[in-house]
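Below: one structure, written as structure tokens.
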Amino acid sequence: MQNIDETVKKTGFGKKYENTTKLNTHYRRIRRIKLGISYLLLTAICIYSIFPIYYIFLTSLSPLANLTSTNFSTLLPFHDYYSFNNYYGIIFKNPFPLWLENTLILTTTSTLIGVGLSITTGIAFSRYRIPGKRALLYMLLVLSMFPFTIMVIPFYFMFSQLHLLDTYIGLIIPYSAGAVIFSSWLIKNYVDNLPRDYEEAATLDGYSRTGALFRVLVPMAKPAILLAVVLAFMGPYTDYALAGQFITSTKLYTMAIGMYYISQGTITVNYGVYSAFAILMGIPIFILFFFFQKYIVAGFSIATYK
Amino acid sequence: MVEVEKQMDSANKVKPKSDAIYLLFLLPVFVVLGFLDFYPIAWTINISLTNFSEAHFFTYSYVGLTNFYNVLTSPTLTTVIMNNIVFAGSSILLMAGLGFGVALLITQPGIRGKTVFRSLILVPWAFPAFITILIWKNLLDQHFGAVNQVLSLLFHVSPNWTGSVPLAMISVILVNLWLSLAYYTFVYTASLQSIPQELYDAAQMDGYGTLSRVRNIVIPLLSRQIAFITIFGFIFAWSNFYIPYLLTSGEPGISTQILITYSYTEAFSYLSYGVAAVYSIISVLILLVMVIIVNHYSKMMSILY
């Protein structure tokens, strides 16, 4: 380096250095402008992303009278008329605890069944030499293209023949199956990338092959399994298409149906109540997502490509 | 010792050609799939050949390919397929394009507060989709919606977002963009971060600007991933039921009906299940043909091995 510097000095290239510093400030200015534009764009995207949530949060706090006369000032955050009446009404004047209980029964049962099946399927697909594996995997992929909503119509008649309409089981079966395809896929891809050394060591320690696989791989595949849990939970929690058609008796209403029932039941939609309900339903998912953010992102990038 | 040797022996010996016994592990899944996928698919195909409807609820009979003939010759089908192509095509172009752009912005060197930006972009994803779609319906309301409140204050216009012909489809696409942007941003961020830093450094040494860096490094390196994400995004958008159904219910007219929502409308509003089944079958067939063609050229199924 010194040699070069000396040569540069000797041959009188100092002027070029000056030019470089000028160029540097020029580039720095360009970079600063570029960063400024990037911040502006990112801020705009963030506003686009959070505005609706911000809006329903405000709406959920305002009494009905102010809603029909929405104007620009109601979009600003500071008001003196905030009240928790909407929340109070939902929780204490409606069978909200019952809806919550139903939703929790449905979601936990179908998540447990769905993720349990996905773990065995995923690990089996990844580690065992199964005859016709490629064909079976192709089949899973093709089946994942069939939209769930296409199945709603046949389910309806099938389940009415089996007398499963308007029951927990009638919802738990399709919910857990809905999670299985994608989750098996996800766990299979994740386990494919795990080293085989540990399970081989466990076999030497005296575990049976299957025992070794499950004892070793289940803890190691934790990120994929947690993502599968989140996805399996989200499906039934947010479902309206299926539950809305299947459930008719009020004592089996889920939160999603209950929300429709109390906000859309009358001629005009009660947006205050609706917004409050949306916030109530959104918060658990919001917490879940931020808690699992790392796994969700990692899991999705594994799921989309290896 | 003898025990261990025996076990090692058996571990070495027992390497069967195939593990047919382990098909048992897959049995529950395929029983469930048979019950919940194969049977409904067979049922749908079967019902598409009958006149099953409200009028023939208990006494339906086979009518051959009449339903297919009626659907294929009706102008509705062309409109709905065109809507579906417009919806899925422009959605995926916008979502993947904007997601890629935002990911590039976030992974830029020198940007601060990446976590804050990323968390804020994730917000739409954290709320159940059917709730946020209905919130957008409220926001886009012609008279009381917040969007028009702002627009009428600033520009003195109040367009009928969900009720007029080109705007309704645009609203549906924009709401879809809002819902999916987080996913595409995160996936692309993950793939951009997988590019080794040395390549960027080398590009900087060579005096590459942002655009030439994207064109010469990012796109060639990520082309396979970009193609994969885009194709799967299209498949998902093709049958994205909730957004058109909840936001516009396919209205005005049938201008925002896609195949899957139209099938649902035929079944539950017009109660003609045979025709509904035909629309379902057409939707899936188009998707399958598309996937086979794309796979033929891009070998995207190679992810399987």
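The values are calculated or read from the model by the stated rules, or taken from the named source; none is laboratory data. Everything numeric in this text was worked out from a predicted model, so none of it was measured. Cβ: placed from backbone, ideal geometry, glycine included. Neighbour counts: every protein chain shown.
Please verify whether region A:185-203 includes one or more residues that are among the small types (Gly, Ala, Ser) and farther than 30 Å from B:Asp37 by Cβ. Scanning region A:185-203 turns up at least one residue that is among the small types (Gly, Ala, Ser) and farther than 30 Å from B:Asp37 by Cβ. At least 3 residues being under 28 Å from the mean Cα position of the chain (by Cα) is the threshold, and among the helices (runs of 4 or more DSSP H) wholly inside region B:198-264 those reaching it are B:219-238, B:242-247. Residues in region B:203-220 include at least one that is in contact with a Leu (Cβ under 9 Å, 6 or more places away or on another chain), over 25 Å from B:Ala88 (Cα atoms) and buried (at least 21 other Cβ atoms within 10 Å of the Cβ). Would you confirm whether or not region A:156-169 contains a residue that is free of Cβ contacts under 8 Å to residues at least 40 places away in the same chain, polar (S, T, N, Q) and more than 7 Å from chain B (Cβ to nearest Cβ)? Within region A:156-169 (the criterion being free of Cβ contacts under 8 Å to residues at least 40 places away in the same chain, polar (S, T, N, Q) and more than 7 Å from chain B (Cβ to nearest Cβ)), the answer is yes, since at least one residue qualifies. Kindly check whether there is at least one residue in region A:175-194 that is without any contact (Cβ under 8 Å) to a residue 60 or more places away in the chain and surrounded by fewer than 22 Cβ atoms within 10 Å (Cβ to Cβ). Yes, region A:175-194 has at least one match. Within region B:201-226, residues that are within 11 Å of chain A (Cβ to nearest Cβ) reach partners that are surrounded by fewer than 16 Cβ atoms within 10 Å (Cβ to Cβ) and aliphatic (A, V, I, L, M) with beta carbons closer than 9 Å, at six or more positions or on different chains, in the pairs B:Gly209/A:Ile30; B:Leu222/B:Ile195; B:Ile226/B:Ile219. The conditions of being touching a helix residue (DSSP H, G or I) at 6+ places or on another chain (Cβ under 6 Å), surrounded by fewer than 18 Cβ atoms within 10 Å (Cβ to Cβ) and facing chain B (nearest Cβ under 10 Å) are not met by A:Leu137.
Residue pairs whose Cβ atoms lie under 9 Å apart, sitting 6 or more positions apart in sequence or on different chains, and linking a residue in region A:271-294 that is at negative phi and of a type in the set (Lys, Arg) to a partner that is surrounded by 18 or more Cβ atoms within 10 Å (Cβ to Cβ) and in a helix (DSSP H, G or I), are A:Lys294/A:Pro223. On the stretch given as region B:69-103, residues that are surrounded by fewer than 17 Cβ atoms within 10 Å (Cβ to Cβ), touching a residue at least 24 places away in the same chain (Cβ under 8 Å) and over 22 Å from B:Pro166 (Cα atoms) total 1. Regarding region A:139-153, can at least one residue be identified that is in contact with a Ser or Thr (Cβ under 9 Å, 6 or more places away or on another chain) and of a type in the set (S, T, N, Q)? Within region A:139-153, one or more residues are in contact with a Ser or Thr (Cβ under 9 Å, 6 or more places away or on another chain) and of a type in the set (S, T, N, Q).
Among the residues of region A:205-214 satisfying the criterion of being surrounded by 13 or more Cβ atoms within 10 Å (Cβ to Cβ) and of a type outside the set (Ser, Thr, Tyr), which is farthest from the other protein chains (Cβ to nearest Cβ)? By that ranking, first place goes to A:Gly211. Residue check: is B:Val172 in contact with a Pro (Cβ under 8 Å, 6 or more places away or on another chain) and closer than 30 Å to A:Leu288 by Cβ? Yes: the conditions hold for B:Val172.
Every condition in (1) out of contact with any helix residue (DSSP H, G or I) (no Cβ under 8 Å at 6 or more places or on another chain); (2) in a helix (DSSP H, G or I) is met by A:Leu186 except one, and the failing one is (1). Run down A:Leu75, A:Leu41, A:Leu104, A:Leu98 and say which single residue is at pLDDT 90 or above and not assigned by TED's automatic domain parsing to the domain that holds A:Ile257. Just one listed residue meets the conditions, A:Leu41. Taking region A:94-153 as the range and being among the hydrophobic types (A, V, I, L, M, F, W, C), more than 30 Å from A:Tyr168 (Cβ to Cβ) and not in a helix (DSSP H, G or I) as the test, only A:Ile130 passes. Put simply, of B:Thr248, B:Thr265, B:Thr230 the only residue that is polar (S, T, N, Q), assigned by TED's automatic domain parsing to the domain that holds B:Ala129 and either buried (at least 23 other Cβ atoms within 10 Å of the Cβ) or in contact with an Asp or Glu (Cβ under 8 Å, 6 or more places away or on another chain) (or both) is B:Thr248. Restricting B:Phe117, B:Phe127 to residues that are within 12 Å of another protein chain (Cβ to nearest Cβ), more than 28 Å from A:Ala241 (Cβ to Cβ) and free of Cβ contacts under 8 Å to residues at least 60 places away in the same chain narrows the list to B:Phe117.
Is it true that some residue in region A:224-243 is surrounded by fewer than 21 Cβ atoms within 10 Å (Cβ to Cβ) and of a type in the set (Asp, Glu)? No, region A:224-243 contains no residue that is surrounded by fewer than 21 Cβ atoms within 10 Å (Cβ to Cβ) and of a type in the set (Asp, Glu).
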